[in-house]
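S.K.: My questions all concern the structure below.
What follows is calculated from the coordinates using simple rules that are stated; it is not laboratory data. Quick caveat, the model's predicted, so the values are computed rather than measured. Note that each Cβ is placed from the backbone with ideal geometry, even for glycine, and that neighbours are counted across all protein chains shown.
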Amino acid sequence: MEEKIRNKFRELFNTTGNVYTSPGRINLIGEHTDYNGGFVFPGAIDKGMIAEIKPNGTGVVRAFSIDLNDYAEFGLREEDAPKASWARYIFGVCREIIKRGGMIQGFDTTFAGDVPLGAGMSSSAALESTYAFALNDLYQLGIDKFELAKIGQATEHNYCGVNCGIMDQFASVFGKAGHLIRLDCRSLEYKYYPFDPEAAGYKLVLLDSVVKHELASSAYNKRRQSCEHVVEAIRCHHPEVEYLRDADMNMLNEVKADVSAEDYMRAEYVIEEIQRVLDVCDALVKGDYETVGEKMYGTHYGMSKLYEVSCEELDYLNDIAKECGVTGSRVMGGGFGGCTINLVKKDLYDAFVKKAFADYTVKFGHEPKLYDVVISDGARRLH
Ligand code: GLA
C-alpha cells in the first residue's frame, strides 16, 4: 500500500513527502456510551490509513484518494469546502486546526487505506487522525494528542454531519500494540489493559455483514438526542446530572412518565452498557473470558432490542455465534450494519466460521467477510 501511495505522489507532484499512518479500531465493549460521558474499551488495529504529504507553498490543498481514484483541490477558508465527502474529512481537519490557531498552508497529498469502509471499524477516524497528526508534525504546531483526537471528532460534527463521541479518534491517536484502552469519556482519563486473547486460548474475529444502512448518520444523531432528552428530564430532579453516565436506573424510573417509551429504552441500554464496560475490565484482569463473553452478548441484546441499532443480518450472525457456543459476540461500532465482534475459543473457530459463512450466504444471498485483527499502535510517522 505504501509503495502505491509513494508512486502516485511522485507521479502527480514530482517530489516526495513524509508518510504518516493512523489505524481503525475495534471496541471490545461500550457502544454509544462515549457521547454519554461513559466508558469505552477500544483498541487500535493493524488496518488503517496511510498518507504521503508535503507542504506546497500555496494556499491550496491538492489531494488524491488512491482507493476511490479521485482527485480534489480546495482552499483553506470556510467557503472553500470541497464537495467530495472523502475530501471533506481532510478539509475539516484543516479547518479545525486553523480554528485552534494552527498556522497551516496548502499541501499535496496522496492516501489509501485498508480499513473496510462502512464496517464499523472507523475508517473515517483513521483518516482524520492521519491528517491531524501529520499536519501537527509537519507544521510543528505542538497540539497535544487529546486535542488531535478532538480535532477529528469536531471534523465529524462540523463537516460530516455526525455528532459522534470521542472513542474512535481517541483510539486511533492513543492506540498501543497489545493493549485495549479503557477510556473515561467524561474526564478523558485512560488506562491501557494488556489484551492477548490468543494466549488464553481465544481468537478475536470480526464478521462483516457487508450491509450498510442508509441514513445511518441521522439515526445515530437521533439516538444521541434521545439520551439528551432523558438527561434533561432527570436534571429537573437531579441538577448535578450532566450525562447519562451520572444517572442510575432509579433516576431513570423517576422520570419514566415524563419521557417517551423509546427514549426510556435508549437510556436504559446506555446505563446498563456503561456498567458492562467496567465489569468487562474487571473480568479481563482476572482472565475471566467467560464473563467478558457473557457481557458481549448482553450488549448485543441491548443494542438490538433497546437501542435498536442492529439489523436482521447482524442479529443472524449473533444467533449463529450463540448456536455454535462462541464465548462472546455482538454488533460492533455505531450499528446499522457493519460487523459483529466475536470472542471464539480456538478449537471452535473453524467450525464457527464455516457455519457462519454457509448459513449467512444461504439466507442473504451473499457472503459475510472475515477479518482477523491485531491490536496495534496509534497515529505515527512511518520511518
Ligand atoms: C461510532 C461513533 C463513536 C461511538 C460509536 C458507538 O463509531 O463514531 O463515537 O459512539 O459509534 O459506540
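S.K.: Alpha carbon centre of the stretch 179-253 versus the stretch 316-383: separation in Å?
M.R.: Between the Cα centre of the stretch 179-253 and that of the stretch 316-383, the gap is 21 Å.
S.K.: Could you tell me which residue out of Ile341, Ser218, Val205 lies farthest along the dipole of the stretch 202-372 toward its positive end? Charges go on the beta carbon: Lys and Arg +1, Asp and Glu -1, centred on the Cα centre.
M.R.: About the Cα centre, the residue reaching furthest to the positive side is Val205.
S.K.: Could you line up Cys160, Cys185 from fewest to most neighbouring Cβ atoms inside 10 Å? Write down the numbers at each step before the final one.
M.R.: Details: Cys160 16, Cys185 23.
Ascending number of Cβ neighbours within 10 Å: Cys160, Cys185.
S.K.: What value, in deg cm²/dmol to 500, does the helix sum -39500 (n - 2.57) over DSSP H runs of n ≥ 4 give at 222 nm once divided by the residues of the chain? Let's see the in-between values first.
M.R.: On the way: 11 runs with 162 residues, N = 383.
Computed mean residue ellipticity for the chain: -14000 deg cm²/dmol.
S.K.: About the Cα centre, and with charges only on the beta carbon of Lys, Arg (+1) and Asp, Glu (-1), how big is the dipole of the chain? Nearest 20 debye, please. Don't jump to the answer; show the numbers that get you there.
M.R.: Details: 43 positive and 58 negative charges, 189 e Å.
In total the dipole reaches around 900 debye.
S.K.: Can you sort His229, His213 so the residue with the fewest Cβ neighbours within 10 Å comes first? Let's see the in-between values first.
M.R.: Numbers: His229 19, His213 14.
Arranged by neighbour count, lowest to highest, His229, His213 become His213, His229.
S.K.: Return, ordered by residue number, the residues of the stretch 308-337 whose backbone nitrogen is under 17 Å from a label point located 7 Å along Cα→Cβ of His366.
M.R.: 311-317, 336-337, by backbone N distance to the label point.
S.K.: Taking just the alpha-carbon atoms of the stretch 239-321, what radius of gyration and Dmax come out, in angstrom?
M.R.: In order Rg, Dmax, the Cα atoms of the stretch 239-321 give 14.7, 45 Å.
S.K.: Right, something else. Let me check the size of the chain from its C-alpha atoms; what are the radius of gyration and Dmax in Å?
M.R.: Over the chain's Cα set, Rg and Dmax evaluate to 21.0, 66 Å.
S.K.: Can you tell me the relative contact order of the stretch 1-130? Whole percent, Cα pairs under 8 Å, sequence separation 6 or more.
M.R.: Values: 237 pairs, mean separation 41.5, N = 130.
It rounds to 32 percent for the stretch 1-130.
S.K.: Sticking with this structure for a sec: How far is helix 261-285 tilted off the main Cα axis of the chain, in degrees rounded to 10, range 0 to 90?
M.R.: Helix 261-285 and the main axis of the chain meet at about 80 degrees.
S.K.: Does the stretch 91-178 classify as rounded, prolate or oblate by the C-alpha gyration tensor (a ≥ b ≥ c root eigenvalues; a/c under 1.5 gives rounded; else a/b over b/c gives prolate, otherwise oblate)? Don't skip to the end; give the middle numbers.
M.R.: Working: a/c = 1.43, a/b = 1.38, b/c = 1.03.
Taking the square roots of the gyration eigenvalues as a ≥ b ≥ c, the stretch 91-178 is rounded.
S.K.: Can I ask one more? Below 17 Å, Cα to Cα, which aspartates and glutamates can Lys212 reach? Residues fewer than 8 away in the same chain don't count.
M.R.: Glu308, Glu312, Glu313, Asp315, Glu367
S.K.: Let me ask another. Could you identify which residue out of Asn69, Asn36, Asn221 has the top mean-square fluctuation in a GNM of the chain using Cα springs shorter than 10 Å?
M.R.: Sorting by GNM fluctuation, first place goes to Asn69.
S.K.: Looking only at the stretch 315-332, which residues have a backbone nitrogen under 17 Å from a spot 7 Å from the Cα of Glu290 in the C-beta direction?
M.R.: Correct set: 325-329.
S.K.: Also: Highest GNM mean-square fluctuation, the chain, Cα pairs closer than 10 Å: which of Asp184, Asp246, Asp350?
M.R.: Its mean-square fluctuation being the largest, the pick is Asp350.
S.K.: Run the numbers for Asp319 and His238: contour at 0.36 nm per residue of separation, minus the present Cα-Cα distance, in nm.
M.R.: Numbers: separation 81, 0.36 × 81 = 29.16 nm, distance 3.98 nm.
Full extension from Asp319 to His238 adds 25.2 nm.
S.K.: Okay, next question. Could you state the principal axis extents of the C-alpha atoms in the stretch 202-372, from the largest down, to the nearest angstrom?
M.R.: Sorted from largest, the Cα extents of the stretch 202-372 read 53, 41, 21 Å.
S.K.: Pick from Phe146, Phe91, Phe170: which residue has the top mean-square fluctuation in a GNM of the chain where Cα pairs under 10 Å get a spring?
M.R.: Phe146
S.K.: Could you tell me the relative contact order of the chain? Use alpha-carbon pairs under 8 Å, at least six residues apart, and round to a whole percent.
M.R.: Working: 799 pairs, mean separation 88.6, N = 383.
Here the relative contact order equals 23 percent.
S.K.: Then there's this: Quick one: helix 346-364 against the long Cα principal axis of the chain, what's the angle to the nearest 10°, folded into 0 to 90?
M.R.: 80 degrees
S.K.: Based on the alpha-carbon gyration tensor of the stretch 43-109 and its eigenvalue square roots a ≥ b ≥ c, which shape applies: rounded if a/c is under 1.5, prolate if not and a/b is larger than b/c, or oblate?
M.R.: Prolate is the answer for the stretch 43-109, as a/c is 1.5 or above and a/b outweighs b/c.
S.K.: Here's a follow-up. Using only the alpha-carbon atoms, how far is helix 312-324 inclined from the longest principal axis of the chain? Give it as 0 to 90 degrees, nearest 10.
M.R.: The angle comes out at about 60 degrees.
S.K.: Here's another thing I want to ask about it. Would you list Leu188, Leu348 from fewest to most Cβ contacts within 10 Å?
M.R.: Numbers: Leu188 13, Leu348 17.
Fewest-to-most ranking of Leu188, Leu348: Leu188, Leu348.
S.K.: Spelling out what I want: for every residue of the stretch 156-163, take phi, set θ = phi - 60°, compute 6.51 cos²θ - 1.76 cosθ + 1.60 (Karplus), and round to whole Hz; glycine and proline get x.
M.R.: 4, 5, 8, 10, 10, x, 10, 8
S.K.: Need the full-extension length gain, Lys256 to Ser187, defined as separation in residues times 0.36 nm minus the C-alpha distance. One decimal, nm.
M.R.: On the way: separation 69, 0.36 × 69 = 24.84 nm, distance 2.84 nm.
Between Lys256 and Ser187, full extension yields an extra 22.0 nm.
S.K.: Take the chain, mark every one of the trypsin sites (Lys or Arg not before Pro) that falls in a DSSP loop and has at most 12 other Cβ within 10 Å, then report the longest stretch left between them, sites excluded. All intermediate terms of the calculation are to be shown ahead of the outcome.
M.R.: Numbers: sites that count: Arg77, Lys83, Lys286.
Longest run free of exposed loop sites: 84-285.
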